[in-house]
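J.: Just passing along the structure, written as structure tokens.
Readers should treat all values here as calculations from the given coordinates under stated rules, not as data from a laboratory. Because the structure is a prediction, the values reported are computed rather than measured. No Cβ is skipped: glycine too gets one built from the backbone with ideal geometry, and neighbour counts run over all protein chains shown.
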Amino acid sequence: MRALTATAPRLLSRLSRQHPNGLWLPATSCAQLLRPLRRHPAAVVLCLYSTKAPAKMAEVVSKRQADATLAAAKSKATYEIPERLLIYHAGTGRTTFLAMLKVTTLFIGAFFCFVAVPSYISADKPVSETVKIALCGVIPFFFVTYTTAPFVTHLYIHLPVSARTSRAALERFVRAALPPSARLTATTMSAIGKPRYSTLCAGDLRPVKRRFGLVNYARDAGAENRGRRWYELPAVRQFHVPEGGGGGGAAKDKMVRKEGRRLVEPWIWDVIKEKIAKRSGEAGGAAS
């Protein structure tokens with residue numbers, strides 16, 4: 001031990017300091033924890049043993065386990081219904097076809113504008129032919145973008161905590177207590193097929209008929225556009241949600257349910273549509 005004290009005075013002085021649990025260990029007790037190895041006499045093995053009584057240790061461990069269990073229960077406190085609920089889905093096939101159509105017209109426009117037009121210019125073709133070639137690539141892209149911009153692929157509703165406890169609470173909230181300020185998130189597609197998310201209130205929507213029937217709901221996005229940066233796209237003002245959509249038809253059960261779990265709640269969108277139509281009718285009657 002004297003040799004160990006002489007070779008490792010710093011180690012013994014550190015061990016003599018305060019224990020992490022608040023106990024002081026004397027130098028003699030620390031020396032007993034150091035045992036030279038057989039094959040490596042210069043090395044030591046540090047064996048730390050708690051000086052607490054077994055009863056106190058069991059009490060501390062049980063208390064920590066109880067606190068951990070309580071914290072885990074609080075963190076895992078989930079509701080039967082998620083906060084963001086899908087109420088409309090346009091269908092995977094329809095959405096995929098629309099995205100591929102947008103990407104295809106984008107590549108066609110890029111080919112005509114960046115390959116065909118420069119070749120016509122280098123070949124000294126007439127200006128009228130060059131313009132026609134450029135229009136062959138530009139017109140399909142803008143036509144598809146204009147006609148498909150309002151198409152809604154997904155529609156979500158954000159529920160309060162009181163409506164997420166059970167199915168009965170959800171139905172009461174939707175059918176009786178749904179306010180015009182209920183938040184919705186509509187997903188549309190940009191010109192390149194990228195999803196665009198628009199957050200709005202249910203009371204902001206009003207039924208309309210625009211773009212030859214391609215738009216059936218609209219909202220006033222002037223205030224939102226004024227708060228946007230100059231380089232940001234303007235907010236989506238017009239939407240197209242087909243009648244009878246949201247998972248209806250022959251494939252309703254396959255799309256709405258998966259492994260016994262409901263993925264889409266189309267009846268909520270039906271209730272919201274009725275409320276929007278009723279509110280619009282009341283506003284029209286008051287204006288007349």
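J.: In terms of modelled amide H atoms, which long-range or inter-chain residues lie less than 5 Å from the amide H of Arg206?
T.: Ala218
J.: Can you give the % of DSSP beta bridges in the range 84-279 that are antiparallel, to the nearest 5?
T.: Working: 23 of 24 bridges.
Here the share of antiparallel DSSP bridges comes out near 95 percent.
J.: Using 0.36 nm times the number of residues separating Glu80 and Thr199, minus their current alpha carbon distance, what extension gain do you get? Spell out each step's value before the answer.
T.: On the way: separation 119, 0.36 × 119 = 42.84 nm, distance 2.39 nm.
Gain on stretching Glu80 to Thr199: 40.4 nm.
J.: So, one more: Give the long-range amide H neighbours of Leu263: residues separated by 5 or more places, or on another chain, with amide H under 5 Å away, using H modelled in the peptide plane at 1.01 Å from N.
T.: Arg257, Lys258
J.: List the aspartates and glutamates whose Cα sits under 19 Å from the Cα of Lys132, skipping any in the same chain fewer than 8 residues away.
T.: By straight Cα distance, Lys132 reaches Asp124.
J.: For a paramagnetic label modelled at 7 Å from the Cα of Val115 toward its Cβ, which residues of the range 122-143 fall within the zone defined by backbone nitrogen distances under 12 Å?
T.: It comes to no residues whatsoever.
J.: Roughly how many whole Å is it from the C-alpha centroid of the range 127-146 to that of the range 164-226?
T.: If you average the Cα positions of each part, the centres end up 34 Å apart.
J.: I've got another one for you. Apply the Karplus curve 6.51 cos²θ - 1.76 cosθ + 1.60, θ = phi - 60°, to the phi angles in the range 151-157 and return the couplings in whole Hz, x for Gly and Pro.
T.: Values per residue, Gly and Pro as x: 5, 9, 8, 9, 9, 10, 10 Hz.
J.: State, to one decimal in nm, how far the label point of Thr104 lies from the label point of Phe212, with both points 7 Å from Cα in the Cβ direction.
T.: Result: 1.9 nm between the two label points.
J.: Applying the Karplus parametrisation 6.51 cos²θ - 1.76 cosθ + 1.60 with θ = phi - 60° to the phi angles of the range 95-104, what ³J(HN,Hα) value in whole Hz is obtained for each residue in order, glycine and proline being reported as x?
T.: Calculated HN-Hα couplings, in order: 5, 5, 4, 5, 5, 5, 5, 5, 5, 5 Hz.
J.: Continuing with this model, one more query. Could you pull out every residue, at least 5 positions away or on a different chain, whose amide H is within less than 5 Å of the one on Ala182? Hs are placed 1.01 Å off N in the peptide plane, and Pro or chain starts have none.
T.: Those qualifying (amide H under 5 Å, at least 5 residues apart or on another chain) are Ala202, Gly203.
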